[in-house]
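Take a look at the structure set out below.
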Amino acid sequence: MDNDGQLQIYTAVAAQLKEAHSRVRALQVPEGVRMALTRKLLVITAAAKHDPAGAARRLERFTADLDEGRIPEEEG
């Protein structure tokens, strides 16, 4: 992949991650659920450093789950 294409993917994933983090912060859920969602986003962020296209797919699934209200249960 050329440098411009790589940069565009990184830029898009970074913007989507920023939006996803904002959405998670705004959720009215128990702190344990928020932490679980944040951990998922951190894993996606780490993956983006090595596989931005794969991270973009994972982030799409994460966002779709949020859109559909599929969030993890609070662990106890």
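Observations on the structure shown:
- Of all the criteria given as (1) without any contact (Cβ under 8 Å) to a residue 40 or more places away in the chain; (2) part of a loop (DSSP other than H, G, I, E, B); (3) surrounded by 12 or more Cβ atoms within 10 Å (Cβ to Cβ), the one not satisfied by residue 35 is (2).
- Residues (open to solvent by less than 100 Å² (accessible area, probe 1.4 Å), in a helix (DSSP H, G or I) and farther than 18 Å from residue 64 by Cβ) located in the stretch 1-25: 5, 6, 9, 10, 11, 14
- Number of residues in the stretch 42-70 that are under 16 Å from residue 23 (Cα atoms) and loosely packed, with under 14 Cβ neighbours inside 10 Å: the value is 8.
The values are calculated or read from the model by the stated rules, or taken from the named source; none is laboratory data. Because the structure is predicted, anything quoted here is derived from the model rather than measured. Cβ coordinates were reconstructed from backbone atoms using ideal geometry, including for glycine residues, and neighbour counts include every protein chain displayed. Calculation scope for accessible area: heavy atoms of the full protein, side chains included, ligands and nucleic acids excluded. Shrake-Rupley method; radii C 1.70, N 1.55, O 1.52, S 1.80 Å.
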